[in-house]
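Student: Have a look at this one before I ask anything.
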Amino acid sequence: MQRILDRQLRRAQLLTQGEEAVDLLERLERAQADPALPESLQRLCRGFGDFLARVENTYLQHDRDEELRIRSLRLSSEELLEANERLQRSAQAQAAIVLSLRATANELLRSEGRAEMGPEVDDLAGLSSLMSELLADRRKALGELEQQKMALDEHAIVTITDLAGVILYANDKFCEISGYPREELVGANHRLVKSGVHPPELYRAMWDDICAGKVWHGELCNRAKDGHLYWLAATLVPIKGESGQPVAYIAIRTDISERKQMEEDLRQSREQLRIALEASQMGFWDWNTTQDRTYFSDQWLAMLGYRPGELPDTSDVWSSLVHPDDLERAREIYHRHALGELPAYKVELRMRHRDGSWRWLFSSGQVTARDAQGAATRVMGIDTDISERKTAELALQVSKAQYDELTARIPVGVYTASIDPAGLLTFDYVSDRFCRLLALEQIEALGQSSWLFTRVHPDDRACLLEALARATQARGQFQWEGRFWVSGGLRWFRLEAAVAAIPSGGTRWNGILVDITDRKEAEQTMREARDLAVAASQSKSEFLANMSHEIRTPMNGVLGMLTLLLGTQLDDRQRHYADLARLSGQTLLSLINDILDLSKVEAGKLELEEEDFDLQVLLDEVGHMMTPRAQQKGLQFTQSLDAGTPRQLRGDFRRLRQVLVNLVGNALKFTETGSVTVRTQTLFLGPEEVTLRFAVRDTGIGIPRNKLGALFQTFSQVDASTTRRSGGTGLGLAISRQLADLLGGEIGVTSEEGQGSEFWFTALFARQAHPVEAGPTAQSALPGLDRDFLGARLLLAEDNLVNQELAVALLEQWNLRVDVVGNGMDAIQALRENDYQLVLMDIQMPKLDGLEATATLRNPRSGVRNPGIRVVALTAHAMAGDRQACLDAGMDDYLTKPLEPGVLLAILDRHLPSRQSQAPPPPRVPESSPRRPSASHRTVRPAVFKEEEFLQRLLGNRKAAAMILGRFREDCPRHLAQLKGDAEAGELRKAAAMVHLIKGSSATVGAAALQAQALELEVFAQAGDLEALQAGLPSLFREFEQFSLAAQGFIP
Amino acid sequence: MECRQLLHAAAPLEAGRLVPLAELDPQLVLVFGSVAALREPALLAQLEAAFPGALRVGCSTAGEISDQGVSLDGCVITAVKFEGPVSLQVAEAAVSRMDDCQEAGAALGAALRKPGLRAVLLFGKGVGVNGSAILAGLVSVLGERVAISGGLAGDGGAFRETLTLSPSGLTPDGLVAVGLYGEGLLLSHGSRGGWTPFGPVRKATRSHENILYELDGEPALNIYKRYLGEHARDLPTSGLLFPFELMSQDGNRQGLIRTILGVDEAAGALILAGDIEPGGYLRLMHASTDDLVDGAEAAARLAEAARPGATGRGLALLVSCVGRRLVMGEGVDAEIEVVGRVFGPETTLAGFYSYGEFGPLGATRCKLHNQTMTVTYLGER
């Protein structure tokens, strides 16, 4: 129970002595249970305890509150007191601080020379800010000092040493320049860098000064670590201690090594200059314009013959010595230089020597100093005595003038030029005429030679450059002709020069220039005329060549008619007239032929053929042809072929034959008694070609010496009378010469009048690569001529029955089935109906010839079963063009007639499979089969019936031979009659074709003589000689009769 | 607006007693009671049965406030009916650690953030929390223009465990916030302490958020022990008698008072209800009953300013501080009576003694107060 409440309860008598509140509460508890108590009293009793508790709580709370309050009060008072004391103490401390601070501030102010503060200043803030201010000042000052130090360090070489000379401090620069690292310097004696250059006195004096407290200045030479020396300008300042005595010294130095070096260099160069001037004899002058005094060196004075001191040094001395004619010019040049127009003052002038003579001087100088306005204040220069040179110059000028005069008179242009090592061409001298020729001014011509190249005609420029280059290289002669533009027109010039080397490495050219325009024009005119003539001749020849046929045809007509006429009933007079007419006609035709031939050659229309041929055969043929005529005249005709001469040749045998015929013909013509011999020999034998020499020797009338020269020219005959007697056009030899020329050879003659002549010519032929030799070759092919072609089916298109028989006989022997047709149309039809492995196609057939038929069958739309079928051409033509024509028409291969078994077999082997393929590799099929071999026949007359050969060709098949011969005997007469008819009708072409056919057939059956005759007639036919053809017909007929007889034994 | 209130003492609530409140068909039901009262097994079920469609929020107290004054160990249930276009939304969060406070506050803010938000009623865990951190979190999301009222729950001064009532039920770690939306709402606030500072100004030489370790280099707890003497054994409760006045580093009074929520004997530190500025200054405060009552009156007068515009009954939410009750003891009713006199009979008083009050301070819309009577008036136009 709270005290106060307890007392109050007792005061109110609610609690008696010895009673406690709890007792009261108990009494009330008991009392409230009394039922007699009224409700309000009961509530009172019940609630009194609670009420009392609340009151007590309040009292307790108040007690608590009061206690806390008092406590708080006490505590906070204590705290406040404490705080107060703390503040006081802090204030005192602050006051002391302020005092101390003020003292320090005053000290600082004093040190700065400012007024001190009085004791009234006790404002901490103010002091503080003052302190900050002072501190800032000090810091700034220190900063500045630091910067100065840095600057010094950067620039100067600084060391601090003690009195003994031991280095206490060395800055970076010192380390750098001495080459020693700092560690080696600090602590070492300064003696380290002693150079040894200075005398000891210097160092002693230095020491004395600094020990006395003075500052020492001087230049010192030190030695770096690597041994090299360097110069320094040094200032040594003693650092005084408290006593005022030096305790150390600081050395501040700058590197003057460079300056020292420059000084030395300057001294040396001055010395050099002095020596040079002395040695060169050049006079040096130095004109001070402001003072108007000129210094003349001793050499300068000596140049003009004066001794030192003999001339005053005023500048008017100079002008008094200059030649009056040169003074103006010299002054002007100087002024221009002084104004800056000329980079230097250079002039040649005369000055008077002491002895009165004029010396030429070359004066050269420069303004070396100017004042603020730019006017020259100092001019220096050097004069050289050039009197000798000047004299020489003048002499040269005179000489040049003379030279000019001289060269002016020479009709050609004279020049001197030089080409420097870089290739630059300069004209050093050109004569007057040179310039006039080229319409150039001398100024233009001299010097740079670009005009040369701009004026030359563009087309000639390259040539000129090349010629120049070549001559420069070769250093010999130079010549060139070309065109230059002169006054708007082109003119031809010839440039010549002698080129010589000059020491500088270039070349010197001395030469002339000639105007050759006239000559060139003349040349041009001539050339044109010649070209025109040649062209004219050419066109004439062309015309003639083209006209050949047109010309011959009427002639043939005339002759033909005359022949016919002669075949009719004529009286003697008529016959005589006709004979003469015919003779004239023949002559005319002959002449025409020759002319046309010649013109063909001249027109270039004559092309040589290239065919394989046998030389012996050819010679034999010629023999065949000429023998009858020889016999007629009772002359002996022989021919010989030297041993070792290759027979299998390639070339235009027709032309060869023509020449031989011509020469032999001539020989026969002009020989009355004796012999004509033809000799063939090898001149040069190469692996691929051979040069032959043909010589026709006769025992005739010979040729006068004076006519020999003109022999091979056109229209010359030895004797006009001979011509009339013996006919001839006089063109033969000319043509022969052309032909010999075409054949790659020459022609010539030797003759003795009354003794005879020998006409010779050479010709070049190629050798056949794989010659199919005559006879032996054919024979060696025999053994391997068995074949089995497995029954392959062939189509043979051939109109000649004899040939048909022969072919079939051969083919069937080799197990081939052959279908035969007689013309191209039937061949096409057969190819449409049947399958064949191969077609043998004759070229000349009626209705549709071989070429056309082949072309047709190659077309897929022709309907033939196999447009790609192999087609082998059979032809008797054997000419180069024919072969190509066959191949062009689409044929695959090519055989010549008459068929040779070996060759045929070789072709078949190529295109058909067979059982026996052990046959030796077939010989290369020649482009044209060689002429009918008459191996053993060296006699002139060909055999009537070459029975052996014929049989061989049929592989010994007598039965077939008989059949074929029979056919031939039937056909040939018909052909002969046809031929006769055609010839009489003048149908030359048809006659030629018939002769050709007869020739082929006779060859097939071995009727050699007949064949030969037919050949001859064929030649005539090809030559257009109808008359000869007709003349030869009787003998043809005769030959056939003879053959028939000879072959009778065969036919059963 | 209409309000109906029921105060019942700590005994199972009779079934019919909630009927008049239920008949109101309220949107909001505020429940403040002692820990024991709230833990009455049937209470929650009864509340749910009576007010199925309403938001039922509240917390445990260190004393209940109603029209009838202050009660202890009781339960005040106040049903509020908004007649106008006012909408409500509830949000809740949990705080298990002191560090979670700000985050939790932010979460609440995020949940309530909608156009038209005028005010938030916030009730939360009263021990082991940093009340200003919770507020900071909430303000960080909602901004400073939303008025936040409410307080930290109490547990009769034991400082052991409080309870919060939210849609999830009763939780010791919970925070619950009700957002009030609508232009028709009338709101006003007043908050006053009545405490007087005394003694020297002391510097918070060592502190961390709401933990005060040292004052002027001395362990903060020692000062309390000195001043409380024998009452020190009742710490932390007895500490409520001497709250701190907060002053800024430059010595300015902030008008904020901080109470201790707990002590850390080992560290010699005081755990305050809210943050203090490190290096700031503090001064001890004391108050007499009369001072406190005057303070309450002043607070009421400030909040009453909005009442003339209200139609119907209004609600005055009174959140007072446990420390005041401790000081006033038996006379604590006086501060409620004076508030009631200020507002008049048309206003229903409801609230509780808390461990920290939420309410505007001056220009700032929301601060954690200690040792104040914080009055929030709610009405409708």
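The values are calculated or read from the model by the stated rules, or taken from the named source; none is laboratory data. Everything quoted here is computed from the prediction, not taken from an experiment. Neighbour counts run over all protein chains shown; Cβ positions are idealised from the backbone, glycine included. Heavy atoms of the whole protein, side chains included, go into the accessibility calculation; ligands, DNA and RNA do not. Shrake-Rupley method; radii C 1.70, N 1.55, O 1.52, S 1.80 Å.
Student: Inside 10 Å of the C-beta atoms of A:61-73, what's the mean count of C-beta atoms belonging to other chains? Walk me through the numbers on the way to the answer.
Tutor: Values: counts 7, 2, 0, 7, 7, 0, 3, 9, 3, 0, 6, 10, 3.
Taking all residues of A:61-73 together, the mean is 4.
Student: Compute the distance in nm between two label points, each set 7 Å from the Cα along the Cα-to-Cβ direction, one at A:A643 and one at B:A111.
Tutor: 14.4 nm
Student: For an R0 of 60 angstrom, estimate the FRET efficiency from the Cβ-Cβ distance between A:R110 and B:T196 and round to the nearest 0.05.
Tutor: Values: r = 55 Å, r/R0 = 0.92.
For R0 = 60 Å, the calculated efficiency reads 0.60.
Student: Using Cα positions and a limit of under 20 Å, work out the aspartates and glutamates in reach of A:K707, with same-chain residues fewer than 8 apart set aside.
Tutor: A:D698, A:D719, A:E746, A:E752, A:E753, A:E758
Student: What do you get for the angle between helix A:124-155 and the principal long axis of chain A? Use alpha-carbon atoms, 0 to 90 degrees, nearest ten.
Tutor: Result, in degrees: 40.
Student: What's the magnitude of the charge dipole for chain B around its Cα centre, counting Lys and Arg as +1 and Asp and Glu as -1 at the beta-carbon? Answer in Debye, nearest 20.
Tutor: Dipole of chain B, to the nearest 20 debye: 620 debye.
Student: Which one of A:L1033, A:A535, A:L656 is farthest out on the positive end of the charge dipole of chain A, using unit charges on Cβ (Lys, Arg +1; Asp, Glu -1) and the Cα centre as origin?
Tutor: About the Cα centre, the residue reaching furthest to the positive side is A:L1033.
Student: Also, quick follow-up: Identify all lysines with a Cα-Cα distance to A:K194 below 30 Å; exclude those on the same chain that are fewer than 8 residues away in sequence.
Tutor: The reachable lysines, counting only those whose Cα sits under 30 Å from A:K194, are A:K149, A:K173, A:K214, A:K225, A:K240, A:K260.
Student: Roughly how many debye, to the nearest 20, is the charge dipole of chain A about its Cα centre, given +1 on each Lys and Arg Cβ, -1 on each Asp and Glu Cβ, and no other charges?
Tutor: Computed charge dipole of chain A: roughly 3340 debye.
Student: I want to check the label-to-label distance for A:E405 and A:E523. Put each point 7 Å from Cα in the C-beta direction and report it in nm to one decimal.
Tutor: According to this spin-label approximation, the distance is 3.8 nm.
Student: Percentage of Cα-Cα pair distances in chain A greater than 56 Å, rounded to whole percent?
Tutor: Considering chain A, 64 percent of its Cα-Cα pairs are separated by more than 56 Å.
Student: Relative to the longest principal Cα axis of chain A, at what angle does helix A:1008-1023 sit, 0 to 90 degrees, rounded to 10?
Tutor: So the helix axis and the longest Cα principal axis differ by about 70 degrees.
Student: If you rank A:S914, A:S132, A:S195 by how much accessible surface each has, with a 1.4 Å probe, what is the order from largest down?
Tutor: Details: A:S914 30, A:S132 70, A:S195 10 Å².
Output order, biggest surface exposure first: A:S132, A:S914, A:S195.
Student: Counting only protein chains, not ligands or nucleic acids, how are B:I77, A:I70 ordered by accessible area (probe 1.4 Å), most first?
Tutor: A:I70, B:I77
Student: If you don't mind, another one. My understanding is that a pair violates if its Cα-Cα distance is over 31 Å; which of A:K847/A:K946; A:K633/A:K897; A:K959/A:K999; B:K125/B:K203 do that in this structure?
Tutor: Beyond 31 Å between Cα atoms: A:K847/A:K946; A:K633/A:K897.
Student: Between Rg and the Kirkwood Rh of the range A:423-533, both from Cα atoms, what is the Rg to Rh ratio?
Tutor: Here the Rg-to-Rh quotient is 1.02.
Student: Now for a different question. Calculate, for B:A232 and A:D50, the FRET efficiency according to 1/(1 + (r/R0)^6) with r their C-beta to C-beta distance and R0 25 Å; round to the nearest 0.05.
Tutor: On the way: r = 30 Å, r/R0 = 1.20.
That gives a FRET efficiency of 0.25.
Student: With the dipole of the protein assembly as shown worked out from charges on the C-beta (+1 for Lys and Arg, -1 for Asp and Glu) around the Cα centre, which of A:T368, B:L302, A:M131 lies farthest toward the positive end?
Tutor: Most positive-ward Cα: A:T368.
Student: Peptide B:198-209: average number of partner chain Cβ atoms within 10 Å per residue?
Tutor: 2
Student: Then there's this: Loop only by DSSP, 12 or fewer other Cβ within 10 Å of the Cβ. Give me the GluC sites (Glu not before Pro) in the range B:167-276 that pass, ordered by residue number.
Tutor: Sparse-neighbourhood loop GluC sites (Glu not before Pro): B:E183, B:E265.
Student: Could you tell me, in Å, what Rg and Dmax come out for the Cα atoms of the range A:319-363?
Tutor: Looking at the range A:319-363, its Cα Rg and Dmax stand at 11.4, 37 Å.
Student: Treat each spin label as a single point 7 Å out from the Cα along the C-beta direction, and report the A:T454 to B:R39 distance in nm.
Tutor: My value for the distance between the label points is 12.7 nm.
Student: Another question about this same structure. Taking the dipole about the Cα centre of the protein assembly as shown, with the C-beta of Lys and Arg at +1 and of Asp and Glu at -1, give me whichever of A:A36, A:V1019, A:V197 is farthest to the positive side.
Tutor: The Cα lying farthest towards the positive end belongs to A:V1019.
Student: What does the extension gain come out to for A:T568 and A:T587, with contour length at 0.36 nm per residue minus their alpha carbon separation?
Tutor: Full extension of this stretch gives 4.6 nm more.
Student: Here's another thing I want to ask about it. List the GluC sites (Glu not before Pro) within the range A:333-411 that fall in a DSSP loop (any state other than H, G, I, E or B) and whose Cβ has at most 14 other Cβ atoms within 10 Å.
Tutor: The qualifying sites are A:E341.
Student: Express the relative contact order of the range A:226-303 as a whole percentage, based on alpha carbon pairs under 8 Å and six or more residues apart in sequence.
Tutor: Once normalised by length, the contact order is 20 percent.
Student: Another question, if that's okay. At most 13 other Cβ atoms within 10 Å and a DSSP loop assignment: could you name the trypsin sites (Lys or Arg not before Pro) in the range B:81-142 that fit?
Tutor: Passing both the DSSP loop test and the Cβ count: B:R97.
Student: Could you give the spread of the C-alpha atoms of chain B along their three principal axes, from largest to smallest, in whole angstroms?
Tutor: For chain B, the Cα spread along each principal axis is 60, 42, 38 Å.
Student: Ok, one more. As a check on your grasp of the helix formula, calculate [θ] at 222 nm for the protein assembly as shown: sum -39500 (n - 2.57) over DSSP H runs of n ≥ 4, divide by the residue count, round to the nearest 500.
Tutor: That calculation yields -14500 deg cm²/dmol at 222 nm.
Student: Moving on to the next point. Can you tell me the 0 to 90 degree angle between the C-alpha axis of helix A:615-633 and the longest principal axis of chain A, rounded to 10?
Tutor: Approximately 30 degrees, to the nearest ten.
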